[in-house]
Amino acid sequence: MDKSLKPEKKRLFIYLLGISSAVTLLLLFFVWYVSLKGISSVSGIAGIIFSLIVAGFGLFLAFSTFIIVITMISGKQTKIARRMRGLVTRFLFPVVMRVAKILKVDRDKIIRSFIAVNNELVLESLIGKKVNNPLVLLPHCIQLEDCELKITKDILVCKKCGKCDIKGLANIAEKYKLNVSVATSGTIARRIVKETKPDIIIAVACERDLLSGIQDTYPLPVIGILNERPYGDCLNTKVNTNTIEKLIEKIYIGGNNG
């Protein structure tokens, strides 16, 4: 597996997920303990119902966290775990970020770890399924800044001079007859997704843009590939084209469909 998808990157998110769930359960118990007496004094039945709701939510959170952690450690995903990507993306990730802020853990490290977890959940969810229309979505900064030919959407207009990674990506687009597009903004990216109607997206971007893309497009599956920034943010960025091609072969050509 390419270093962009290394399993060990998952560990940080898994650790913080466990801590976040434990903290949430403690807070939940505190709220239940403080509120129960007042609610029960009004109605005994209301107190019982409140206790059942709190207990049910607590058990659900504990069970979900357990399943996700076991899945990430073992690398084997059950049918239950395949349905939990939304829970991780929409609910657990914000909780993890709040705990990480308290613990003063670097935000980008958390996002990278989250992306690794998301990628594994997405790849495992594709087992037994056929991908018909993948979309590779690229940031505009992957093109050489001083290139006279500005690619705003269609990558195949590239003259393939080889000075940036667009050449290799254009070759992949031609080889596999793929939709490979360049998005100059989040609005353009959403428009491309709406027009192409992909069943999966392979997105190349920085931590912040990948995070927002994964969250904004849910439940559409997104595999995030971090770009390389040898000259700083948003300037002549790079991507490992071999990573992109291996993913295409895995999910589109048939490696994940057998």
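Its Cα gyration tensor gives the chain an equivalent ellipsoid; the semi-axes, largest first and in whole Å, are 41, 19, 16. What the Cα atoms of the range 140-258 give is an Rg and a Dmax of 13.8, 44 Å.
Take the cross-link list K194/K246; K130/K159; K10/K104 and give me the ones stretching past 22 Å between alpha-carbons.
On the way: K194/K246 25 Å; K130/K159 33 Å; K10/K104 18 Å.
From the list (K194/K246; K130/K159; K10/K104), the Cα-Cα distance tops 22 Å for K194/K246; K130/K159.
Comparing V222, V117, V69 in a Gaussian network model of the chain (Cα springs below 10 Å), the most mobile by mean-square fluctuation is V69. Of all the options I48, I166, I188, the one that moves most in a Gaussian network model of the chain with Cα springs shorter than 10 angstrom is I48.
For the pair R90 and Y33, a Förster radius of 30 Å applied to the C-beta separation gives a FRET efficiency near 0.60, rounded to the nearest 0.05.
Could you name the aspartates and glutamates in cross-link range of K163, using Cα to Cα under 16 Å and dropping any fewer than eight places away on the same chain? Within the straight-line cut-off, K163 pairs with E145, D146, E148, E228.
Give the percent of DSSP beta bridges with both residues in the chain that are antiparallel, rounded to the nearest 5.
Values: 2 of 16 bridges.
Bridges in the chain are about 10 percent antiparallel.
When you restrict to C-alpha pairs under 8 Å that are six or more residues apart and normalise by the size of the chain, the relative contact order lands at 21 percent. Here the range 128-253 is treated with +1 on each Lys and Arg Cβ and -1 on each Asp and Glu Cβ, and its dipole about the Cα centre works out to around 400 debye.
Quick note: the coordinates plus some simple rules give every number you see, no bench work behind them. Just so it is clear, the structure is predicted and the values come from calculations on it, not from any experiment. Glycine also receives a Cβ, built like all others from the backbone with ideal geometry; neighbour counts cover every protein chain displayed.
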